[in-house]
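Encoded as structure tokens, the structure appears first; notes follow it.
Just so it is clear, none of the values below were taken in a lab; they were calculated from the coordinates. Fair warning: this is a prediction, and the values are worked out from it, not measured in the lab. Counting neighbours? That spans all protein chains shown, and the Cβs are built from the backbone with ideal geometry, glycine included.
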Amino acid sequence: MTTFDRRTFVGGVATVAASLVSGSACVAAEPQVASPVPAPKPSPSPDKWRGVNLGAWLVLEKWMTPSLFAGLKAGDEYTLSQELGKTKTAALLKKHRDTFITDADFAWIAERGLNAVRLPVGYWIAEENPPYVSGWATVERAFAQAKKHGLGVLLDLHGAPGSQNGMDHSGKSGELGWHKSPENLAQTLRVLENLSARVKGYTNLLGVELLNEPLWDVPMDVLKKFYRDAYPLVRKQIPADKFVVMHDGFRSGDWKTGFGEPDMKNTILDTHLYQCFTEADKKHDMHAHIEIAGLERKRLLDEMQKAMPVIVGEWSCGLPGESLRGLDAFEKRVAERAFGDAQLMSYETSRGWFFWNYKTESEGGWNFRDCVKRGSLPSQFGNV
């Protein structure tokens, strides 16, 4: 290496990781070579959700399953369905839904000591909304196979009519129009009530998430009103001990007082924490990333949970290439493991967490199975 040697780098990472455990951020005068920091001991609480997202299964994302889009101009599920037409889309999605996640996957997840999955669905999953192809039978299979292996399911409305974020993972990329139309809002409420009625009988239902990642363009007063309108519709369907989950809209500071609604019982706030998308993320070296993950994230969660329980519904081991530049293969493994452990140490202080994503067609920090295989994450998450 040209700027620092292996001893300095590995020792520095170990020092940062050790400071996270002790609660300090001091720098040792003489770095010591150390093995990758072991994973934190999980909380014994059976109520904590530890799981993975089953993304790209019932809501397509091209970057995670590019083979489905091979030879097509489409960039999301909406345009794929338009381009192929109903018959070809139905055939393609049937094969994908039958094979991408199977009973063997639920078994593998349970064997790792995890106890939950977050299941993203679009508003079209239970009823026809052309050009989309519905697929409720796959949701039923997911609940059944998850139950077989002792896994709870958090049903997550990932795509809403008009798109709540303009991203491909809402089903249709481009315009963010969900909140601009009363018809879109009303349809979303009907969808949530219908989905809740359909899943209320599953004993392994953890709860229903009202909307995934409404972007900051959605005014907070509009978003909170939608949540208040949706809550009673969902609550009257699902059992009282199941949870209604609400995403923070990427504005954690706006939830310092929660809802202030005493009749809203068993609610959880969902926040998504990534360190790879912004220009600031790209400027951080790995020592900074580990400190942010292990210290700043914990402080954030501590502050948020003064008002209401919080889960980290999405996080990953994805990192900017710039942050890993200059590291050799060994140093990357050390840094990636420390980054994964630092995140887990913080997220274990919350009500639960779900890694994004369980798997992708490529390897890397967004593929939970690959992260476990490479040692970026522990191979066992249970108390064994």
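Compute a Gaussian network model of the chain, connecting alpha carbons closer than 10 Å, and tell me which residue from Gly55, Gly313, Gly326 fluctuates the most.
Evaluated over the chain, the most mobile residue of the options is Gly326.
Pick from Ala240, Ala342, Ala144: which is most flexible by mean-square fluctuation in a GNM of the chain where alpha carbon atoms under 10 Å apart are linked?
Maximum among the listed residues: Ala240.
Which one, Lys86, Lys200, Lys172, has the greatest fluctuation when you compute a Gaussian network model over the chain with C-alpha springs under 10 angstrom?
The residue that fluctuates most here is Lys86.
Taking the chain as the reference, fit the longest principal axis to its C-alpha atoms, fit the long axis of helix 136-148 to the helix C-alpha atoms, and give the angle between the two in degrees, 0 to 90, nearest 10.
Here the helix axis deviates by roughly 50 degrees.
Grab the DSSP H runs of the chain that are 4 residues or longer, score each as -39,500 (n - 2.57), total them, divide by all residues and round the 222 nm result to the nearest 500 deg cm²/dmol. Working shown, then result.
Details: 13 runs with 144 residues, N = 384.
When only DSSP H runs of four or more count, the value is -11500 deg cm²/dmol.
Hey, if you put +1 on the Cβ of every Lys and Arg and -1 on every Asp and Glu Cβ in the chain, which of Phe250, Ala335, Val234 ends up farthest toward the positive end of that dipole?
Val234
Restricting to DSSP loop positions (anything but H, G, I, E, B) with no more than 15 other Cβ atoms inside 10 Å of their own Cβ, which chymotrypsin sites (Phe, Trp or Tyr not before Pro) remain in the stretch 47-145?
Taking the stretch 47-145 and a limit of 15 other Cβ atoms within 10 Å, the loop chymotrypsin sites (Phe, Trp or Tyr not before Pro) found are Trp63.
Straight-line reach from Lys180: which lysines have a Cα under 20 Å away, not including same-chain ones fewer than 8 places off?
Once the sequence-local lysines are set aside, what remains near Lys180 is Lys172, Lys224, Lys225.
Suppose every Lys and Arg Cβ carries +1 and every Asp and Glu Cβ carries -1, with no other charges. What dipole size does the chain come out with about its Cα centre, to the nearest 20 debye?
On the way: 46 positive and 47 negative charges, 166 e Å.
Charge dipole, the chain, about its Cα centre: 800 debye, nearest 20.
Hey, got a sec? Which trypsin sites (Lys or Arg not before Pro) in the stretch 243-285 land in a DSSP loop and have at most 11 other Cβ atoms within 10 Å?
Numbers: sites: Arg251, Lys256, Lys265, Lys282, Lys283; in loops: Arg251, Lys256, Lys265.
The qualifying sites are Lys256.
For the stretch 68-112, would you read off the P(r) tail past 12 Å as a percentage of all alpha carbon pairs?
On the way: 643 of 990 pairs.
Result: 65 percent of Cα pairs exceed 12 Å.
Distance cut-off 21 Å, Cα to Cα: go down the list Lys48/Lys148; Lys147/Lys242; Lys94/Lys373; Lys62/Lys86 and report the pairs above it.
Details: Lys48/Lys148 19 Å; Lys147/Lys242 16 Å; Lys94/Lys373 29 Å; Lys62/Lys86 19 Å.
The pairs that break the limit, which is 21 Å between Cα atoms, are Lys94/Lys373.
Between the DSSP loop rule and a limit of at most 10 other Cβ atoms within 10 Å, which trypsin sites (Lys or Arg not before Pro) in the stretch 313-381 are left? List each step's numbers first, then the result.
On the way: sites: Arg325, Lys332, Arg333, Arg337, Arg351, Lys359, Arg369, Lys373, Arg374; in loops: Arg325, Arg351, Lys359.
Of the trypsin sites (Lys or Arg not before Pro), the ones in loops of the stretch 313-381 whose Cβ has at most 10 other Cβ atoms within 10 Å are Arg325.
Under 5 Å between amide hydrogens, which residues at least 5 positions from Asp270 or on another chain qualify, with H placed 1.01 Å from N in the peptide plane?
So Asp270 has HN proximity to Met246, His247, Asp248, Ile311.
With all distinct Cα pairs included, what does the Kirkwood hydrodynamic radius of the chain come out to in Å, to one decimal, could you say? Please report the intermediate quantities before stating the final value.
Values: mean 1/r = 0.0463 Å⁻¹.
Kirkwood hydrodynamic radius for the chain: 21.6 Å.
Skipping prolines and chain starts, which residues have an amide H placed within reach, meaning under 5 Å, of the one on Gly152, given they are 5 or more residues away or on another chain?
Ala116, Val117
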